[in-house]
Amino acid sequence: MEDDIWMRRSRSSWRRRRQQDGQTVGPDDGEALVRGMRVMCRGKARRCGREGGADGARLNKFYESWEDSPDIGFVMMKGSGRAFCAGGDVVGLRQLINEGKLDESKDFFRTLYSFIYVLGTYLKPHVAILDGVTMGGGGGVSIPGTFRVATDRTVFATPEVHIGFHPDAAASFYLSHLTGHVGEYLALTGEKLNGVDMLALGLATHYSISEHLDLVDERLAKLVTDDPSVIDSSLAQYGDLVYPDKTSIVHRLAVIDKCFSHETVEEIVDALESEAAQLNEEWCTLALKRLKEASPLALKVSLRSIREGRYQTLDECLVREYRMSINGISKPFYHDFCEGVRARLVDKDLAPKWDPPALEFVSEDMVDSYFAPLGEFEPELKLPTEQREAFI
C-alpha cells in the first residue's frame with residue numbers, strides 16, 4: 001500500500017517521471033518541475049523497519065525542495081490501494097529491537113518526527129486524501145497539514161496501547177486539542193473512527209465519498225494557485241453533506257467527558273464501570289474491554305502524554321514523544337512493545353503477557369522513567385524551531 005504524493009505546480013508545464021532505485025522520485029535539483037508529478041514512497045514493505053528512516057529522510061528532502069520552488073503552489077498526499085497509511089512497520093521494528101539494532105529504530109523515529117514538524121510548519125498548502133486506513137503514523141503525516149479529506153472508506157485510530165506503546169507521531173498534540181476529553185478516550189481505547197466522525201471532531205477538514213475523488217483530483221490538477229482559500233473552495237465544491245449516525249462518537253461526548261476527565265486510569269475504569277451498570281449500554285462495555293486488553297503501563301503513559309500535550313506546542317510534543325519512544329523501545333520498557341506486537345501481529349494469539357500485568361503494579365516512578373530525558377550519550381530530537389515556526 002504505497003502512498004502517492006502529488007505535487008501541484010502553480011504554472012502549466014509538461015509531465016515527467018523519473019525512475020531511481022525502483023521507485024518513482026522527483027527530479028534532480030535544477031531540473032524542470034512537473035505538474036502532476038507523483039512520488040511513490042512508504043510502500044507496505046518499506047513503511048518503517050530497515051528502510052523507514054531512509055524514506056523519512058527522502059520525504060523531508062522532497063518537501064523542503066518543493067517548499068522552496070516558486071513553481072509549486074501546493075502539495076497533495078494520497079494513498080494507493082486500500083489505505084492512506086496504516087502506520088509504521090512495527091513488526092520490522094520489533095525484529096530490529098530483538099536483533100539489538102536500536103540505532104536503525106531510532107533513525108526511523110527521528111526522521112518521521114522531523115518530517116511531521118516540516119509538515120506542521122509548511123509554508124504551502126497541503127492536502128491529504130484519507131481514503132482508507134489512516135492509523136498511527138498515518139495521522140501524523142496528514143493531520144498537521146492544512147487540509148484533510150476524509151471519505152466513506154476512511155478508518156482512523158491510534159491503537160498503540162494494544163501493542164504496548166503510546167500514541168505518537170504528533171498524536172499527543174492533535175488528540176489533546178480535540179473537544180473535551182475525546183483525546184483521552186481515543187488514546188486509551190484505540191477506538192476506530194469513520195470519515196464522518198473525523199469531520200465532526202475536526203480531525204478532517206472536508207468529506208467526499210470515494211467515487212467523487214477522481215473529480216477532486218481533476219479539479220485540483222487545474223488549479224494555478226498557492227492560496228489556501230481557493231483550495232478550500234475547490235475541496236468544498238466536491239464535498240458531500242453528511243451527518244453522524246446514531247452510533248457516532250459525537251452522541252457520547254457527555255459520557256466520555258464524564259468518565260475520561262478523571263485524573264488516573266484507575267478512576268477512568270471505575271467511572272466506566274459505574275456508567276455501564278447504570279446505562280447498560282454496549283458502548284461502555286466495549287470501552288472497558290479495550291482498556292482491559294491494553295498494556296497497563298502504556299495506558300498510564302498515554303494518559304499522561306495526552307494531558308501534557310494539551311499545554312505544549314507541536315515541537316514540544318514531538319520532542320517529548322521522541323524521548324518516550326526511545327525509552328519505550330529500550331530497557332527496561334521494550335518488553336511490552338515486543339510482546340504486544342507478537343500477540344497482535346506475529347503469533348496473533350491476542351494473549352499478551354504485559355509487564356507489569358495490571359494497573360496497580362504500574363508505579364509512578366515507572367511512568368516518570370518513561371518520560372525521563374535520554375542519557376548523556378543519547379541525543380534528544382533536534383527540530384529547526386528557529387527556522388520553522390509552527391502555525392498550529
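Go through region 259-284 residue by residue and tally those that are surrounded by 15 or more Cβ atoms within 10 Å (Cβ to Cβ) and either among the polar types (S, T, N, Q) or closer than 15 Å to residue 197 by Cβ (or both).
Qualifying residue count for the region: 1.
Being at negative phi and buried (at least 20 other Cβ atoms within 10 Å of the Cβ): is that true of residue 301 here?
Spelling it out, residue 301 is indeed at negative phi and buried (at least 20 other Cβ atoms within 10 Å of the Cβ).
Please tell me if residue 256 is buried (at least 19 other Cβ atoms within 10 Å of the Cβ), touching a Phe, Trp or Tyr at 6+ places or on another chain (Cβ under 6 Å) and either under 30 Å from residue 352 (Cα atoms) or in contact (Cβ under 8 Å) with a residue 40 or more places away in the chain (or both).
yes
From the list 149, 182, 141, 155, pick out the single residue that is over 26 Å from residue 74 (Cα atoms) and not hydroxyl-bearing (Ser, Thr, Tyr). If you could, list the steps in order and put the result at the bottom.
Working: 149 fails: over 26 Å from residue 74 (Cα atoms); 141 fails: over 26 Å from residue 74 (Cα atoms); 155 fails: over 26 Å from residue 74 (Cα atoms).
The unique qualifying residue is 182.
Is region 163-177 home to any residue that is surrounded by 24 or more Cβ atoms within 10 Å (Cβ to Cβ) and either part of a strand (DSSP E or B) or modelled with pLDDT under 95 (or both)?
Checking region 163-177: not a single residue is surrounded by 24 or more Cβ atoms within 10 Å (Cβ to Cβ) and either part of a strand (DSSP E or B) or modelled with pLDDT under 95 (or both).
Filter region 66-117 for residues that are among the basic types (Lys, Arg) and touching a residue at least 24 places away in the same chain (Cβ under 8 Å) and give the result. Before the answer, list the steps.
If we filter region 66-117 for residues that are among the basic types (Lys, Arg), which is where we start, we get 78, 82, 94, 101, 106, 110.
Residues satisfying the conditions are 78, 82, 94, 106, 110.
Considering only region 99-117, state which residues are surrounded by fewer than 21 Cβ atoms within 10 Å (Cβ to Cβ) and of a type in the set (A, V, I, L, M, F, W, C).
Within region 99-117, just 102 meets the criteria.
Here are the criteria: (1) farther than 27 Å from residue 165 by Cβ; (2) in a helix (DSSP H, G or I); (3) not aliphatic (A, V, I, L, M). Tell me which single one residue 290 does not satisfy.
In the conditions (1) farther than 27 Å from residue 165 by Cβ; (2) in a helix (DSSP H, G or I); (3) not aliphatic (A, V, I, L, M), residue 290 misses (1) alone.
Would you be able to tell me the number of residues in region 240-251 that are surrounded by fewer than 18 Cβ atoms within 10 Å (Cβ to Cβ) and in contact (Cβ under 8 Å) with a residue 12 or more places away in the chain? Break it down stepwise before answering.
The initial filter retains those residues of region 240-251 that are surrounded by fewer than 18 Cβ atoms within 10 Å (Cβ to Cβ), namely 240-248, 250-251.
When the remaining residues are screened for being in contact (Cβ under 8 Å) with a residue 12 or more places away in the chain, the result is 240, 242-245, 248, 250.
Number satisfying all stated conditions: 7.
Just to be sure, is residue 300 farther than 19 Å from residue 93 by Cβ and either charged (D, E, K, R) or in contact with a Leu (Cβ under 6 Å, 6 or more places away or on another chain) (or both)?
Values: farther than 19 Å from residue 93 by Cβ: yes; either charged (D, E, K, R) or in contact with a Leu (Cβ under 6 Å, 6 or more places away or on another chain) (or both): yes.
Yes; evaluated as a whole, the condition is true for this residue.
The values are calculated or read from the model by the stated rules, or taken from the named source; none is laboratory data. Source: prediction; values computed, not measured. Every residue, glycine among them, receives a Cβ derived from its backbone with ideal geometry; neighbour counts consider all protein chains shown.
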